[in-house]
2 protein chains.
Amino acid sequence: MTAAHRTWAGTTLADRRAARRRQLIESGLELLGTAGTQAVSVRAVCRTAKLTERYFYESFDDRDTLLLAVYDQVAQEAHDALVAAVRDARDELADLARAAVTSFVELIIDDPRKGTVLLLAPLTDPALVRRGSELLPNFTALIHDQLPASIDDTERRLIAVGVTGALTNLFTAYLNGTLDVPRDRLVDHCVRMLLAAARP
Amino acid sequence: MTAAHRTWAGTTLADRRAARRRQLIESGLELLGTAGTQAVSVRAVCRTAKLTERYFYESFDDRDTLLLAVYDQVAQEAHDALVAAVRDARDELADLARAAVTSFVELIIDDPRKGTVLLLAPLTDPALVRRGSELLPNFTALIHDQLPASIDDTERRLIAVGVTGALTNLFTAYLNGTLDVPRDRLVDHCVRMLLAAARP
DNA sequence: CTCACTTGACTACGATCGTTGTCAATCCTA
DNA sequence: TAGGATTGACAACGATCGTAGTCAAGTGAG
């Protein structure tokens, strides 16, 4: 029997490795989403995960690799929630916008750490700057492409960047409690802003 | 003759101390505005300033004190430029908005490091988070108060936070080259957005 | 039962950090 | 010119970091 499939404490090596990896990512999310980027040291992650450094380097090349894994997992979750919401919405711009905004607000209400990681961490950590500057422009481009062709390209870029900034600032303020506003009002406002921007 | 007023190399002690302080702040600005927050170590600042650590602690209690001094100086400069521009503008909302936006754009074109410090550093450095979360809300409140009273308060807050985010994102993208757009277009767009938001 | 694999606690190394201290060289005032 | 103020180069301290290694104890397949 090969080592990888030998059972140990009821599970195979691959399972245990995967479980440890999940545990490390969860601990990374906890630290990154609450205490910030400088709190995510290898030692702190291992202490939180109740694992030793050995297992850290079993799953990740270095500290930055973990940070990227945390960010990517949250980004993937957000992406999945978004496409699911959009898939179930009626095929009309207003409904699509509302579905998208609602799904994101629900995500960050359900787990604010994820919102923090998505919106704030890329600004805070050098290792995540690139990731953040890939994701947001993608979103910006999405808006950009929805804008009517009658608007010239420069104007479309300006609108897209502005709307993206408005949304992230609204979500960020909502996350940290600065923007004390009912959830529905936030969603309504974001949707109306999206639709207003899409009008010629 | 008291030590403080004794001349040395042609200047008094107070003058030399002030000169060293300026030099340290300038070095802090250089590092914070280009290499980012983690590049601002006491050693790096002193090396850049061609001074020794001794003089660092002559002017600043610790690293964070320097960071705050750098930020506050840039914020003060921006504030001064803003009030000067607004003072010289005609007393009409459109002109005020244009004067304000133009003065800020000129500031960050003249010295992009200052724009980076104002907009990005507070998000990047824990020591500056509080400063950033004091300045931007102030600006947000300014917008908030300009909005017509016919809009209810929640809506006014939403608009103010959104507009602030849009502006900072536009400036940020312009700063880092992502938003490749002529200066005048940027100014125009920001002014139009400000005025549009102020309409009922 | 035995032995190889697995685990956890722990130590170790080199680097960098903030901060403080030492000491000789330099400069002005008295 | 003598002596105290000032300067600059540099060492030193403790802390933390990323990363790698050691070693005894636990565990299950053959």
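Restricting to DSSP loop positions (anything but H, G, I, E, B) with no more than 15 other Cβ atoms inside 10 Å of their own Cβ, which trypsin sites (Lys or Arg not before Pro) remain in the stretch B:145-196?
When the trypsin sites (Lys or Arg not before Pro) of the stretch B:145-196 are filtered for loop state and at most 15 Cβ neighbours within 10 Å, nothing remains.
In Å², what does the accessible area per residue of the stretch A:10-100 work out to with a 1.4 Å probe?
56 Å²
What average number of partner chain Cβ atoms lie no more than 10 Å from the Cβ of the residues making up A:163-175?
6
Pull up the cross-link candidates among the lysines for residue A:114, meaning alpha carbon to alpha carbon under 25 Å and not fewer than 8 places away within one chain.
A:50
List the relative contact order of chain A as a percent without decimals, with contacts defined as Cα pairs under 8 Å and 6+ residues apart.
Relative contact order here is 19 percent.
Do any residues of the stretch B:96-133 show a loss of at least 50 square angstrom of accessible area between the isolated chain and the full protein assembly, using a 1.4 Å probe, and if so which?
B:123
Which one of B:42, B:79, B:11 is farthest out on the positive end of the charge dipole of the stretch B:1-93, using unit charges on Cβ (Lys, Arg +1; Asp, Glu -1) and the Cα centre as origin?
Farthest towards the positive end: B:11.
Could you order peptides B:75-84, A:22-31 by the average number of other Cβ atoms within 10 Å of their residues, highest first?
Final packing ranking: A:22-31, B:75-84.
Report, in debye and to the nearest 20, how large the dipole of the stretch A:10-64 comes out about its Cα centre when Lys and Arg carry +1 and Asp and Glu carry -1 on their Cβ.
240 debye
Based on the Kirkwood radius over alpha-carbon pairs, what is the Stokes-Einstein translational diffusion coefficient of the stretch B:71-198 at 10 °C with 1.306 mPa s viscosity, in µm²/s?
Taking Rh from Cα pairs, D becomes 105 µm²/s.
If you count only protein heavy atoms and use a 1.4 Å probe, how large is the accessible surface of residue A:193, to the nearest 10 Å²?
Only protein atoms counted, so the area is about 50 Å².
Please report the orientation-averaged projected area of the stretch A:10-64, defined via the convex hull of its C-alpha atoms, in nm².
Here the figure is 3.6 nm², rounded to one decimal.
Which value, in debye to the nearest 20, describes the size of the charge dipole of the stretch B:85-200 about its Cα centre when Lys and Arg Cβ atoms bear +1, Asp and Glu Cβ atoms bear -1, and nothing else is charged?
160 debye
Tell me: how much accessible area in total is hidden between A and B, 1.4 Å probe, Å², nearest 100?
That pair hides around 2200 Å² of surface in total.
How do A:95, B:62 stack up against each other in accessible area, from largest to smallest, with a 1.4 angstrom probe?
These residues rank, largest area first, as B:62, A:95.
Describe numerically, in nm with one decimal, the distance between label points set 7 Å from Cα along Cα→Cβ at residue A:43 and at residue B:18.
4.5 nm
The values are calculated or read from the model by the stated rules, or taken from the named source; none is laboratory data. None of these values were measured; they are calculated from a predicted model. Every residue, glycine as well, gets a Cβ built from its backbone with ideal geometry; the counts of neighbours run over all protein chains shown. Calculation scope for accessible area: heavy atoms of the full protein, side chains included, ligands and nucleic acids excluded. Shrake-Rupley method; radii C 1.70, N 1.55, O 1.52, S 1.80 Å.
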